[in-house]
């Protein structure tokens, strides 16, 4: 197996996060798993460099993030901006949805994701 830049610590954290998803992540994961039938492989809580992203479609270089209330703080917004800048520099498109969007408009979120994946 070829070596990667992902540390064992990051891999272990990603595994732990997969077992402790937020409600919004769980709901969206159920919907995104259905894309497998269309040939789209979505990974959840996946390491990308030093970061762990909520969902990623590596084949399309699209990252999907679900932001809860904590993302509204100034400190977290600055962290998210640095993170998104780095991920973009690696060729990824980062798409963010609020957890409220996922809980109140799951169909709209999924339709937007499908459009961005060029499925509709």
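Multiplying the residue separation of residue 50 and residue 112 by 0.36 nm and subtracting their alpha-carbon distance yields 19.6 nm.
Taking 0.36 nm per residue of sequence separation and removing the Cα-Cα distance, the residue 6/residue 34 pair yields an extension gain of 7.3 nm.
Listed by Cβ neighbour count within 10 Å, with the fewest neighbours leading, 104, 65 appear as 104, 65. Shown is the FRET efficiency for residue 61 and residue 104, computed with R0 = 25 Å from the Cβ-Cβ distance and rounded to the nearest 0.05: 0.30. At full extension, residue 41 and residue 89 could sit 15.1 nm farther apart than now, given 0.36 nm per residue minus the alpha carbon distance. Placing pseudo-labels 7 Å out from each Cα toward the beta carbon at residue 74 and residue 120 gives an inter-label distance of 3.9 nm. Just how far, in whole angstrom, is region 86-120 from region 20-71 if you go by their alpha carbon centroids? Between the Cα centre of region 20-71 and that of region 86-120, the gap is 9 Å.
A short reminder: the numbers here are calculations on the coordinates, not readings from a lab. No experiment lies behind these values; they were computed from the predicted model shown. Using ideal geometry, Cβ is built from the backbone for each residue, glycine included, and neighbour counts are taken over all protein chains shown.
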